[in-house]
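Below is one structure, written out as structure tokens; the observations come after it.
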Amino acid sequence: MTSHAGVVSNPPGKSGDQPLVRVIACVLERGNRMLVGMRPDNKRHGGLWEFPGGKLEPGEGDLEAAARELDEELGIDVYAVDRVMAELHDEGSVYNIVFRRVRARGEPEAFEHSELKWATLHELEKMPLAPTDAQFVRMQLA
């Protein structure tokens, strides 16, 4: 098992016969609030809230992926990613989700999500989150 900042995750490698796909979940903060977006109904976990981000393309690092994804999804300019807050396997998929604080310029707009919301951890705890995002929030509150 791997451990990042005291967070234990599933071992890297393979999930079934497929290699794990690294996904960055970007934690944007304003004061004590974090930005989440509601997934479109036609996607996996549609109608649930998630931290923005997405799959890394071949050869991309977390900074490059965060910059590309948040430009596409929110129209903002990412200039830094901070430490890994958690690394969790998304149950029932090949996704290994890495939650990282991200620093960016600009005002987020919902280009891919049906809605955006700034919420505290306690508000997030009560919202219908995608399963791995909910697990991350519970870990942050623990």
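The values are calculated or read from the model by the stated rules, or taken from the named source; none is laboratory data. Being a predicted model, the structure only gives us computed values, none of them experimental. With ideal geometry, Cβ positions are generated from the backbone for all residues, glycine too; neighbour counts draw on all protein chains shown.
Numerical summary
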{"item": "Residues that are more than 16 Å from ALA104 (Cβ to Cβ) and among the acidic types (Asp, Glu), drawn from segment 50-87", "result": "GLU50, GLU57, GLU60, GLU87"}
{"item": "Scan of segment 88-111 for residues that are more than 19 Å from LEU70 (Cβ to Cβ) and either of a type in the set (Val, Ile, Thr) or out of contact with any Leu (no Cβ under 8 Å at 6 or more places or on another chain) (or both), ordered by number", "result": "LEU88, ASP90, GLU91, GLY92, SER93, VAL94"}
{"item": "Enumeration of residues in segment 19-61 that are more than 29 Å from LYS126 (Cβ to Cβ) and free of Cβ contacts under 8 Å to residues at least 40 places away in the same chain", "result": "LEU56, GLU57, PRO58, GLY59, GLU60, GLY61"}
{"item": "Qualifying residue in segment 98-107 (condition: in contact with a helix residue (DSSP H, G or I) (Cβ under 6 Å, 6 or more places away or on another chain) and under 23 Å from GLN18 (Cα atoms))", "result": "yes"}
{"item": "PRO131 vs. criteria surrounded by fewer than 16 Cβ atoms within 10 Å (Cβ to Cβ) and in contact (Cβ under 8 Å) with a residue 40 or more places away in the chain", "result": "yes"}
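So that you can scan it fast, the table gives a plain yes or no per residue for (1) surrounded by 15 or more Cβ atoms within 10 Å (Cβ to Cβ); (2) part of a loop (DSSP other than H, G, I, E, B); (3) of a type in the set (Val, Ile, Thr):
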position	(1), (2), (3)
LEU63	yes, no, no
GLU69	yes, no, no
ARG83	no, no, no
ILE97	yes, no, yes
GLU107	no, yes, no
LEU116	yes, no, no
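Each row is one residue, and each column tells you yes or no for (1) closer than 23 Å to PRO128 by Cβ; (2) hydrophobic (A, V, I, L, M, F, W, C); (3) at pLDDT 95 or above; (4) out of contact with any His (no Cβ under 7 Å at 6 or more places or on another chain).
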residue: MET1; (1), (2), (3), (4): no, yes, no, yes
residue: VAL8; (1), (2), (3), (4): no, yes, no, yes
residue: MET34; (1), (2), (3), (4): yes, yes, yes, yes
residue: HIS45; (1), (2), (3), (4): yes, no, no, yes
residue: TYR79; (1), (2), (3), (4): no, no, yes, yes
residue: GLU91; (1), (2), (3), (4): yes, no, no, yes
